[in-house]
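K.L.:
Sharing a structure with you now.
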Amino acid sequence: MYVLAIDTSNQSLGVALLEGDRLIAHLTTNIAKNHSERLMPAINQLMEEIQLTPDELEKIIVAKGPGSYTGVRIGLSTAKSMAWALDIPIIGVSSLEVLAWQGRFFHGYVCPFFDARRGMVYTGLYRWKNDRMVSVEPDINILMDEWLTKLTAYQEDILFLSPDIETYQTAILQKMGGRAVIPDGPFGIANASHLAWAGMHKQAESVHHLTPSYLRLAEAEAKWIKKQKECQENG
Amino acid sequence: MTKDVYVLGIETSCDETAAAIVKNGTEIVSNVVASQIESHKRFGGVVPEIASRHHVEQMTIVLEETFAKAKLDWEMIDAIAVTQGPGLVGALLVGVNTAKGLAFAKQKPLVGVHHIAGHIYANRLKQEFAFPLLALVVSGGHTELIVMKSHSDYEVIGETRDDAAGEAYDKVARVLDLPYPGGPQIDRLAAVGEETIDFPRAWLEADSFDFSFSGLKSSVINTIHNAKQRGEQLKKADIAASFQASVVDVLTEKTFRAAQQFNVQQVIVSGGVAANKGLRKRMQTIFQGTGISLLIPPLDLCTDNAAMIAAAGTVAFEQGKRSGWDLNAHPSLLLS
Ligand SMILES: [Zn+2]
């Protein structure tokens, strides 16, 4: 049984292939280049290398966000159409959970995050428990400042993982002091083999119902709702 | 006997999520369009991010319905055609990546199609082409005159220098407080109004087949504004009729002149604005008895759909055109 995992939800692009529960191929790039042009060639290259044809795939796992709206949609459009055409199960995994897996052996909490600009982040709180990466605080789009205040209530050490760690490193250390653990090196970049593993133990979803996890309304919609509320309050 | 060719088409360049299966480039087997008009109505226009979100939610549902209606399976499909551009980049990306996912999964040839080529080939689903032909593609995003001497051979002889005709319709509709989408509303009002105001016609240089609608749009807005300041109330229907007369005059005159100059056998009118009754009527009148046959597709093939993409894609596929796995969306793709 072969499993294909796809992650284009943020700047890094990841593809992994499993045979059963054995990793057989895995590719990560972390460059600011177009996912739409590069995803399918990457899948094709890996599958050619191990001489695998698409009809041998039995499951597709995809990172469903949060992250770049466009990036998330490129991954989901590809994964959903493949799963639908091959009539095989599809599983969506939070892009934050995938990143949290880099803290698989950390004793304490794991806080993955992506920069969402203007002081905002996409983040959540996770912890490894009973052989699973468990969500402690659900994924959220929040001001980093507000989020860190919330995290001070947790007594144990917290591992911060992010491709955008530099932007917030000072703020984290200021607020969390010695309880913040910030690794350097490759730990802030998601790994598609982790995505594959995370997805292996989750329930498959209906291909039609699997939608991106944006964690944020489209700007026009948010404005519209705000305006409706104001109108209601004033009238 | 040669084998029938079945092409699956996918179109997501704006606010319609569409898929279709077409036989031999001329016959619709199934054609499914999920319109998002209701979602964009409250914003008074298409919001790109919301369009993209709908596409990714609707795409596989639309595909499933397309295959169910066609009553045929993947074995029969010879190729997959998808709108590569022009259009909204985020919206296009959903279609392009869906098409690549399908083509890779089923190991089928992939063909990227230009949206305007699709609009032209919508007509071939009703009647075979006779070359040379002239196409007027007119919509919210485009106003172009194209001469074709053979299949997939496009020469753009005229295009808008500012707003597309459909864009002018939308803007004027907004000034008149008409609900979105404004084009059909103006068309409806124009039918009952009178041409009381002499709005300008932008003919540009004597030999030019280019268009310009921004001057007309400003003139309409100024006229309404000035009347309001004088305390006069202009009839909406009359404004609509006068505005539409200007647009239709320029479109039909230029098309007629180009048809004669390029000695074409056929004239094709397509794109969303080709659904306009005023334009359809004038085109029919002007080409009557000229020996040039006029093709205007039925309403559901004027607006965006995937059957037209499959139709254009079939010709490109048969000519040997193939797209690679690196096929990308091109928001401002040129017709070539
Ligand atoms: Zn169109």
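K.L.:
Which one of these is surrounded by fewer than 19 Cβ atoms within 10 Å (Cβ to Cβ) and among the small types (Gly, Ala, Ser): B:SER332, B:SER270?
P.N.:
Working: B:SER270 fails: surrounded by fewer than 19 Cβ atoms within 10 Å (Cβ to Cβ).
B:SER332 is the lone residue from the list that is surrounded by fewer than 19 Cβ atoms within 10 Å (Cβ to Cβ) and among the small types (Gly, Ala, Ser).
K.L.:
Same structure, new question: Somewhere in the range A:65-81, is a residue under 20 Å from B:PHE104 (Cβ atoms), among the aliphatic types (A, V, I, L, M), modelled with pLDDT of 95 or more and out of contact with any Lys or Arg (no Cβ under 8 Å at 6 or more places or on another chain)?
P.N.:
Yes - at least one qualifying residue is present in the range A:65-81.
K.L.:
How about the range A:21-39: which of its residues are within 26 Å of A:HIS201 (Cα to Cα) and of a type in the set (Asp, Glu)?
P.N.:
A:ASP21
K.L.:
Looking only at residues that are within 11 Å of chain A (Cβ to nearest Cβ) and not in a helix (DSSP H, G or I) in the range B:37-72, which one is farthest from B:ALA117 (Cα to Cα)?
P.N.:
B:ARG42
K.L.:
Moving to a separate point now. Please verify whether the range B:90-104 includes one or more residues that are in a loop (DSSP other than H, G, I, E, B), within 14 Å of chain A (Cβ to nearest Cβ) and within 14 Å of the ligand (Cβ to nearest atom). Explain how you work it out, then say what you get.
P.N.:
In the first step, residues of the range B:90-104 are kept if they are in a loop (DSSP other than H, G, I, E, B); the result is none.
So far as the range B:90-104 goes, no, none of its residues is in a loop (DSSP other than H, G, I, E, B), within 14 Å of chain A (Cβ to nearest Cβ) and within 14 Å of the ligand (Cβ to nearest atom).
K.L.:
Right, next: Considering each residue of the range A:31-42, count those that are crowded, with 23+ Cβ neighbours inside 10 Å and among the aliphatic types (A, V, I, L, M), and give that number.
P.N.:
In the first step, residues of the range A:31-42 are kept if they are crowded, with 23+ Cβ neighbours inside 10 Å; the result is A:35-36, A:39-40.
Now drop any that are not among the aliphatic types (A, V, I, L, M), which leaves A:39-40.
The total comes to 2.
K.L.:
So which pairs qualify, if the first residue must be in the range B:288-304 and touching a residue at least 24 places away in the same chain (Cβ under 8 Å) and within 20 Å of B:THR12 (Cβ to Cβ), the second must be aliphatic (A, V, I, L, M) and assigned to a loop (DSSP other than H, G, I, E, B), the Cβ gap must be under 8 Å, and the two must be at least 6 apart or on different chains?
P.N.:
B:CYS302/B:ILE296
K.L.:
Let me ask something else. Would you pick out the residues in the range B:128-152 that are out of contact with any helix residue (DSSP H, G or I) (no Cβ under 6 Å at 6 or more places or on another chain) and at pLDDT 95 or above?
P.N.:
The answer is B:GLU128, B:PHE129, B:ALA130, B:PHE131, B:PRO132, B:LEU133, B:GLU144, B:ILE146, B:VAL147, B:MET148, B:LYS149, B:SER150.
K.L.:
Kindly state which strands (runs of 3 or more DSSP E) lie completely within the range A:1-108 and contain at least 1 residues that are charged (D, E, K, R) and within 27 Å of A:SER162 (Cβ to Cβ). Spell out the reasoning first.
P.N.:
Values: elements: A:2-7, A:13-19, A:22-29, A:57-63, A:90-93.
Answer list for the range A:1-108: A:2-7.
K.L.:
Out of everything in the range B:133-172 that is part of a helix (DSSP H, G or I) and not aliphatic (A, V, I, L, M), what residue ends up being farthest from the ligand (Cβ to nearest atom)? Give the derivation first.
P.N.:
At the first step, the residues of the range B:133-172 found to be part of a helix (DSSP H, G or I) are B:165-172.
Remaining after also requiring not aliphatic (A, V, I, L, M): B:166-167, B:169-171.
Values: B:GLY166: 9, B:GLU167: 12, B:TYR169: 14, B:ASP170: 14, B:LYS171: 18 Å.
Ranking the qualifying residues of the range B:133-172, first place goes to B:LYS171.
K.L.:
Please go through the range B:1-32 and give me each residue that is more than 16 Å from the ligand (Cβ to nearest atom) and not in a loop (DSSP other than H, G, I, E, B), ordered by number. First the steps, then the outcome.
P.N.:
Going residue by residue through the range B:1-32, those that are more than 16 Å from the ligand (Cβ to nearest atom) are B:1-8, B:21-30, B:32.
Residues satisfying the conditions are B:TYR6, B:VAL7, B:LEU8, B:ILE21, B:VAL22, B:LYS23, B:GLU27, B:ILE28, B:VAL29, B:SER30, B:VAL32.
K.L.:
Anything in the range B:146-159 that is in contact (Cβ under 8 Å) with a residue 40 or more places away in the chain and over 12 Å from B:GLY271 (Cβ atoms)? List them, or say none.
P.N.:
B:VAL147, B:HIS151, B:SER152, B:TYR154, B:VAL156, B:ILE157, B:GLY158, B:GLU159
K.L.:
Can you name every residue in the range A:43-83 that is at the interface with another protein chain (Cβ under 9 Å from one of its Cβ atoms), surrounded by 22 or more Cβ atoms within 10 Å (Cβ to Cβ) and not hydroxyl-bearing (Ser, Thr, Tyr)?
P.N.:
A:ILE43, A:VAL72, A:ARG73, A:ILE74, A:GLY75, A:LEU76, A:ALA79, A:LYS80, A:MET82, A:ALA83
K.L.:
Could you tell me whether B:ALA130 is more than 16 Å from the ligand (Cβ to nearest atom), of a type in the set (A, V, I, L, M, F, W, C) and either in contact (Cβ under 8 Å) with a residue 40 or more places away in the chain or crowded, with 21+ Cβ neighbours inside 10 Å (or both)?
P.N.:
Numbers: more than 16 Å from the ligand (Cβ to nearest atom): yes; of a type in the set (A, V, I, L, M, F, W, C): yes; either in contact (Cβ under 8 Å) with a residue 40 or more places away in the chain or crowded, with 21+ Cβ neighbours inside 10 Å (or both): yes.
Taking the combined requirement at face value, the residue satisfies it.
The values are calculated or read from the model by the stated rules, or taken from the named source; none is laboratory data. Owing to the predicted nature of the structure, the values given are computational and were not obtained by experimental measurement. All Cβ positions, glycine included, derive from the backbone under ideal geometry; neighbour counts span all protein chains shown.
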